[in-house]
Amino acid sequence: MKSTIELNLAHDSYEIAIAPGSLNHLGESLGAMNLGKKILLVSNPQIFAHYGEQVIASLQSSGFEVSSEIIPAGERHKTLESVQKLYDSALENHLERSSTLVTLGGGVIGDMAGFAAATWLRGINVVQVPTSLLAMVDAAIGGKTGVNHLRGKNLIGAFHQPRLVFIDPQVLKTLPAREFRAGMAEVIKYGVIWDAELFLQLEEATRLDSLDYISEELLQTILTHSCQAKADIVSKDEKEAGLRAILNHGHTIGHAIESLTGYSLVNHGEAVAIGMVAAGEIAAEMQMWDAADAQRQNSLLEKAGLPTQVPSMLEIEAILDALKSDKKVKAGKVRFVLPTRVGAATVTDQVTPELIQQVLQQNFSPDFAE
């Protein structure tokens, strides 16, 4: 099963290639793209141990000169300090404007290396080879790159589209179960905001909390539908001037939770899941969304083994304060993505602090277990 999705832009259009067992053919794919010969491969220790030698061999067999830089795993390493290491490596290995950064990892590696590519020599090629479900369906696609500031997630960044997104679903076999569940949050998000057919197929699945219970056919459906949804939205609004903002469903409160828990207790997908529940309840309270559909969303998140309540160690005032630093704030007002029906959503700045506080109070967890 192979799928190719075109992401069409006014400039810098590219393909999202989804093909099981294709990692050995990465070099061939890049060799046909008229890139420069120098490649800097960026990965983390765990992923590099699994796939690094395989990827380097594939690239070298197609005539590329490959160097590598390994960055520790985890959101707390998604910083300007880590980007500095990539700059140093780019300088030491004499990368040129025709050179390419190849990312091999999850969303942290893809965002960070993408930002380095966007800013080194005012922009060099980047090819995204995502190895987590979350990166495959979301982070690797659309050209958003960046790193975190101490006071907020992804506050430092740039738009820089990849030349190619290269997905081999078989690498998910080595993905920890918790990270697979985190990726399912973004998949469910696409069903809620854009793709009602995907939502229905997820509802029909017996279990969504582990790759072990998902057939190859369903996995291919999940990947193609999610990637197509992201491609559709980005092609209509590359720089998030309007429509693209709906991709942030669950991210407003989610980012606050990630930041306040030090990017360690709650991972990105878990935080987004909690944020989706809160946004769904806000939409229902504002009579923008049917309460029954909000419960359908929550049931899918629970089926995927995701948390749906705010960790009890957090204070509501701290969350409300963190929302003020969110990059989606406009004219001093926090903007929320609120579903209007399964498969559609809108963006509004009309959510009152009182309603946010009410919903958060109703959704505090007595405990949060990793």
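The values are calculated or read from the model by the stated rules, or taken from the named source; none is laboratory data. In this text the structure is predicted, and so the values were computed from the model without any measurement. Reconstructed Cβ throughout: ideal geometry from the backbone, glycine too, with neighbour counts over all protein chains shown.
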Query raised in the report: What are the pairs, 6+ residues apart or on separate chains, where a residue within region 212-226 that is without any contact (Cβ under 8 Å) to a residue 40 or more places away in the chain has its Cβ under 8 Å from a residue that is β-branched (Val, Ile, Thr)?
Result: TYR213/THR206; ILE214/ILE222
Query raised in the report: Within the set of pairs 6 or more residues apart or between chains, which connect a residue that is at pLDDT 95 or above inside region 228-248 to a residue that is hydroxyl-bearing (Ser, Thr, Tyr) and part of a helix (DSSP H, G or I) with Cβ atoms less than 6 Å apart?
Result: ALA229/TYR190
Report summary line: The condition from (1) surrounded by fewer than 22 Cβ atoms within 10 Å (Cβ to Cβ); (2) out of contact with any helix residue (DSSP H, G or I) (no Cβ under 7 Å at 6 or more places or on another chain); (3) assigned by TED's automatic domain parsing to the domain that holds GLN46 that HIS160 misses is numbered (2)
Report task. Please tell me if SER259 is assigned to a helix (DSSP H, G or I), in the same structural domain as LEU208 (by TED's automatic domain parsing) and among the hydroxyl-bearing types (Ser, Thr, Tyr). Result -> yes
Query raised in the report: In this structure, does ASP321 turn out to be closer than 30 Å to TYR213 by Cβ and assigned to a helix (DSSP H, G or I)?
Result: no
Query raised in the report: Where residues in region 341-363 are exposed (fewer than 15 other Cβ atoms within 10 Å of the Cβ) and part of a strand (DSSP E or B), which of them is nearest to the chain's Cα centre (by Cα)?
Result: ALA344
Requested in this report: Consider only pairs whose beta carbons are under 8 Å apart and that are at least six residues apart or on different chains; among these, list those whose first residue lies in region 278-290 and is surrounded by 22 or more Cβ atoms within 10 Å (Cβ to Cβ) and whose second residue is assigned to a loop (DSSP other than H, G, I, E, B) and among the β-branched types (Val, Ile, Thr).
Outcome: ILE282/VAL351
Query raised in the report: Can you tell me which residues in region 131-154 are farther than 17 Å from VAL272 by Cβ and either among the charged types (D, E, K, R) or part of a strand (DSSP E or B) (or both)?
Result: THR145, VAL147, HIS149, ARG151
Query raised in the report: Among the residues of region 240-258, is any among the polar types (S, T, N, Q) and over 16 Å from the mean Cα position of the chain (by Cα)?
Result: no
Report task. State which residue is surrounded by the fewest Cβ atoms within 10 Å (Cβ to Cβ) when the search covers only region 127-152 and only residues that are among the aliphatic types (A, V, I, L, M) and closer than 17 Å to SER82 by Cβ. Result -> LEU150
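Determine which member of the set PRO72, PRO45, PRO20 is within 13 Å of PHE166 (Cα to Cα) and either under 18 Å from the mean Cα position of the chain (by Cα) or surrounded by fewer than 19 Cβ atoms within 10 Å (Cβ to Cβ) (or both).
PRO20
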**Report entry** Selection count where residues are over 13 Å from GLN358 (Cα atoms) and part of a helix (DSSP H, G or I), scope region 285-311
**Finding:** 13
Report summary line: Per the filter on region 67-91, residues in a helix (DSSP H, G or I) and of a type outside the set (Gly, Ala, Ser) are GLU75, ARG76, HIS77, LEU80, GLU81, VAL83, GLN84, LYS85, LEU86, TYR87, ASP88, LEU91
Report summary line: Pairs returned, first residue in region 68-87 that is in contact (Cβ under 8 Å) with a residue 24 or more places away in the chain and among the basic types (Lys, Arg), second residue that is part of a helix (DSSP H, G or I) and buried (at least 21 other Cβ atoms within 10 Å of the Cβ), beta-carbon separation under 7 angstrom, 6 or more apart or interchain, are LYS78/VAL108; LYS78/ASP111; LYS78/MET112
Query raised in the report: Hey, does region 52-62 have a residue that's closer than 25 Å to LYS173 by Cα, under 23 Å from the mean Cα position of the chain (by Cα) and at pLDDT 95 or above?
Result: yes
Query raised in the report: Within region 5-15, is even one residue in contact with a Cys (Cβ under 8 Å, 6 or more places away or on another chain) and either surrounded by fewer than 13 Cβ atoms within 10 Å (Cβ to Cβ) or not in a loop (DSSP other than H, G, I, E, B) (or both)?
Result: yes
Query - Any hit, region 92-107, residues being part of a helix (DSSP H, G or I), of a type in the set (S, T, N, Q) and modelled with pLDDT of 95 or more - result: no
